[in-house]
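Here the structure comes first, spelled out in structure tokens, and everything after it is commentary.
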Amino acid sequence: MKVVIIGASRGLGLELTRKFLEEGHTVAAGFRNHPSHALEELSVQYSDKAMLFSSDVKNEEEIRKGAERCAGFLQEADALCNAAGVLLPGDRVNLLHQSSVDELRETFEVNTIGAVIVAKNFYPVIKKGGKLLTVTSEGPAIKNCGTWVPCYALSKTAATKVSGIFNRSIEDVDFYSVHPGRMNTDMGRTTAQIEPQEAAEGFYRLMTGETPMSRDEWYINYKGEPMDA
Ligand SMILES: NC(=O)c1ccc[n+]([C@@H]2O[C@H](COP(=O)([O-])OP(=O)(O)OC[C@H]3O[C@@H](n4cnc5c(N)ncnc54)[C@H](OP(=O)(O)O)[C@@H]3O)[C@@H](O)[C@H]2O)c1
């Protein structure tokens, strides 16, 4: 398979990149600013199968160029996973009325607007019938309302719906919003229930088709189970 993974320097994105390369697939892996040491090591180890490209999801021009580079490297991709996301420090301790609007804006720039920027620029690189997975989260239910990490929660609620709207707008590619579980990563370490390797295995099976999925059920978890919205 030929896949694109964005947010590949750390956490879920790094583990998913590792999994695809270990299994012999070809991967275009997107990083922000500079690739991590671990991602660079993977690209050296699998130099014939890996291409690294810069992909700050806040920067549409960079993402547009990244899509062009991926098209050159892969011709067309079977699947893409956008794992880029932020949970900013103030959001871990503040309620919404205490939040900094700058943090709220920054969180939306990456988690929500970034999800749209990636989907709209990359879907033409994905083959007909291919998949574009946006990593969102749990708990976007409108009435069942918690207070924790409010900027993040608002941004991921909106980001979850991005896939539904794209599915209604574009026939050729299937769009999914996928909850990865509570992972032991830089972001999730305080609430972790699973290691990112377990989530990466799940995403791998979704992207390869080992776990069946259908665009009618476009909000799912990493095991392919429907999520409540
Ligand atoms: N961990 C959890 O328990 C959990 C639960 C639900 C959902 N999620 C979601 O799962 C995804 C992966 O999370 P994680 O736990 O692996 O997080 P993580 O370890 O904090 O990694 C976040 C990744 O996103 C990248 N990123 C941040 N801002 C970016 C930008 N502007 N453009 C491109 N990439 C950017 C980071 O790149 P740098 O290394 O350059 O910063 C890093 O590779 C995220 O979307 C997150 O919201 C996580």
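The values are calculated or read from the model by the stated rules, or taken from the named source; none is laboratory data. Keep in mind it's a predicted model, so treat the numbers as computed, not measured. Here the Cβ is made from the backbone with ideal geometry for all residues, glycine too, and neighbour counts use every protein chain on show. The area values use the complete protein model at the heavy-atom level, side chains included, leaving out ligands, DNA and RNA. Shrake-Rupley method; radii C 1.70, N 1.55, O 1.52, S 1.80 Å.
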Query raised in the report: Here are some residues: 40, 60. Which one is within 12 Å of the ligand (Cβ to nearest atom) and farther than 19 Å from residue 204 by Cα?
Result: 60
Query - Check on residue 55, at negative phi, open to solvent by less than 10 Å² (accessible area, probe 1.4 Å) and at pLDDT 95 or above - result: yes
Report task. Working only within segment 58-88, note down all residues that are closer than 15 Å to residue 155 by Cα and touching an Asp or Glu at 6+ places or on another chain (Cβ under 8 Å). Result -> 58, 86, 88
Requested in this report: Identify, from the list 110, 118, the residue that is under 22 Å from residue 10 (Cβ atoms), open to solvent by less than 10 Å² (accessible area, probe 1.4 Å) and out of contact with any Ser or Thr (no Cβ under 7 Å at 6 or more places or on another chain).
Outcome: 118
Report task. Look at residue 90 and say whether it is in contact with a helix residue (DSSP H, G or I) (Cβ under 7 Å, 6 or more places away or on another chain), modelled with pLDDT under 95 and either more than 8 Å from the ligand (Cβ to nearest atom) or not in a helix (DSSP H, G or I) (or both). Result -> no
Report task. From the list 141, 119, 115, pick out the single residue that is away from the ligand (no atom under 11 Å from the Cβ) and closer than 21 Å to residue 204 by Cβ. Result -> 119
Query raised in the report: Residues in segment 162-184: is at least one among the basic types (Lys, Arg) and over 20 Å from residue 229 (Cβ atoms)?
Result: no
**Report entry** Pick from segment 4-13, criterion buried (at least 19 other Cβ atoms within 10 Å of the Cβ) and either over 16 Å from the mean Cα position of the chain (by Cα) or touching a residue at least 40 places away in the same chain (Cβ under 8 Å) (or both), ranking: farthest from the ligand (Cβ to nearest atom)
**Finding:** 4
Report task. Provide a single number: the residues in segment 15-47 that are of a type outside the set (Ser, Thr, Tyr), without any contact (Cβ under 8 Å) to a residue 40 or more places away in the chain and either farther than 17 Å from residue 118 by Cβ or in contact with a His (Cβ under 9 Å, 6 or more places away or on another chain) (or both). Result -> 14
